[in-house]
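All remarks here apply to the structure that follows.
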Amino acid sequence: MKNVAVIGGGLMGSGIAEVSARAGHDVVVVESSDDAAKAALGRLEKSLERAEAKGKLGAAEGTAADVLARIRVETDLDSTADRDIVVEAIVESEAAKVDLFKRLDSIVAAPDAILASNTSSIPIMKLGVATSRPTQVIGIHFFNPVPVLQLVELVPSLLTSPDTTERSRAWVEGSLSKQAIDCQDRAGFVVNALLVPFILSAIRMYESGFASAEDIDRGLVLGAAHPQGPLALADLIGLDTTKAVAESLYEEFKEPLYAAPPLLQRMVDAGLLGRKTGRGFYTYS
Ligand code: NAD
C-alpha cells in the first residue's frame, strides 16, 4: 500500500497522517472546511517541528519539511479516489461515519482498497454494510498520541475478509512499526471497554465530592504507577470523545458502569472538552 487518505485531521487524524507520512506514504488528509484544514495543517507542522527538535525523526524519515511534503490537506473527498487505504478519523458519530462510508464507497476506485475506521466504539459492521464492499471495511484503532503510542487494535467485522485483516496488519506493523492486537467487533474493543468505565468511575468520585481531581489523579499515579491519572487522561482524550464512547458502550451493553455521569454531560454542553479547548478537569494555557 502506497497512497493513504486520512479523513478528519483532528487530534487522531493528524497523528495518523503524521505516522503514515513518516513511514514514506503519500498522504491526503480530507477535512470538512478550509478553517479545519488550516487547523489540521497547523497541528501537523507543530508536531513534526517538535519531533525534529527532539531528534525523533530518523534518517529514512527526513526532515520535518520532507515529511510535510508527503502530506496534502484537502477539503474535497474526491481526492481519495486513487488511495490504497483510507482511514476515517472524523467525529465519533454513527450517522456521520455511515454517511462518510457511503460516500467513500462511491469514490475510492481501487477494487482492493481498504476502508478503515479509527472509531473507538461504533460497530465496524454498521460501517461495512453502508458500503458495497464490507469485506474491505475494518477497524484500525490507533491510540493518542499516535506518534508516541505503539498500540493499534485491529477490528474485523463478521464480514471483513481475512485478506483485508492481514493486509491491514502488514501495513500497521510492517510499515508504521506499530504493534497490533486483535479484537472482536464489540463497542470499546479491548482497551476502551476496560479504560472508559475506569475514567467514568473517577468522574463520579470527583462529582460526588469524595476527593479532588488532583488527589484522584495523584492517587493513581503514585499508588498504581499509572503514567497519568484518569481525569488528566479524560482531558487528553477529549471529554466529548469520552462521552461519545461511553454512550456507545452503554448502548451496546446497557450496563450502568458505562453510563456517562451528569458532570461529564454538563462539561461537554459547556464546551469544556479538555486539552483541546484549554479547559476540562484542569486548565491548560
Ligand atoms: P477531533 O474532534 O479532534 O477531530 C475530528 C476531526 O474530524 C475534526 O478536525 C473535524 O473537523 C473533522 N471532521 C468532522 N466531520 C468531518 C467530515 N465529514 N469530513 C472530514 N472531516 C470531518 O476528534 P479525535 O479525537 O481526533 O477523534 C476522531 C476519531 O478517532 C473518533 O472516532 C474517536 O472516537 C477516535 N479516537 C479518538 C481517540 C482520542 O483519544 N481522542 C483515540 C482513539 C480513537
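The values are calculated or read from the model by the stated rules, or taken from the named source; none is laboratory data. All figures in this text were calculated on a predicted structure; none of them were measured in a lab. Cβ coordinates were reconstructed from backbone atoms using ideal geometry, including for glycine residues, and neighbour counts include every protein chain displayed. Please note that ligands, DNA and RNA were not included when accessible areas were found on the heavy atoms of the full protein model with its side chains. Shrake-Rupley method; radii C 1.70, N 1.55, O 1.52, S 1.80 Å.
Assorted remarks:
- Translational diffusion coefficient (Stokes-Einstein; Kirkwood radius from C-alpha pairs) of the range 95-185 at 37 °C, 0.692 mPa s, in µm²/s: 249 µm²/s
- Three-way shape label, the range 201-285, alpha-carbon gyration tensor, a/c 1.5: oblate
- DSSP loop trypsin sites (Lys or Arg not before Pro) with at most 16 other Cβ within 10 Å excluded, longest remaining stretch of the chain: 57-185
- Estimated distance in nm for a label pair at Arg50 and Thr63, the labels positioned 7 Å out from Cα along Cα-to-Cβ: 2.1 nm
- For the range 130-285: rounded, prolate or oblate by the Cα gyration tensor [a/c cutoff 1.5]: prolate
- Proximity of backbone amide H atoms, modeled 1.01 Å from N, is registered between Ser121 and Gly188 at under 5 Å, excluding neighbours fewer than 5 places apart on the same chain.
- Listed residues Ala225, Ala17, Ala193, most fluctuating in the chain (Gaussian network, C-alpha, under 10 Å): Ala225
- Taken over the chain, the percentage of Cα pairs per 10 Å bin, counting from 0 up to the bin with the maximum distance, is 7, 28, 35, 23, 7, 0.
- Normalising the average separation of contacting C-alpha pairs (under 8 angstrom, six or more residues apart) by the number of residues puts the relative contact order of the chain at 14 percent.
- Gaussian network model of the chain, Cα within-10 Å springs - most flexible of Val155, Val221, Val129: Val221
- Gyration tensor (alpha-carbon) shape descriptor, the range 1-88, a/c threshold 1.5: oblate
- Per residue, the accessible area of the chain comes to 45 Å² when a 1.4 Å probe rolls over the protein heavy atoms.
- Shown are Leu195, Leu100, whose ranking by accessible area with a 1.4 Å probe and every protein chain present, most to least, is Leu195, Leu100.
- Gap separating the Cα centres of the range 171-208 and the range 1-40, nearest whole Å: 22 Å
- As a fraction of the 1.4 Å probe accessible area of the chain, surface on carbon and sulfur atoms comes out at 55 percent.
- Taking all protein chains together and rolling a 1.4 Å probe, Asp163 ends up with roughly 90 Å² accessible.
- Counting only protein heavy atoms and using a 1.4 Å probe, the accessible area of Thr283 comes to about 110 Å².
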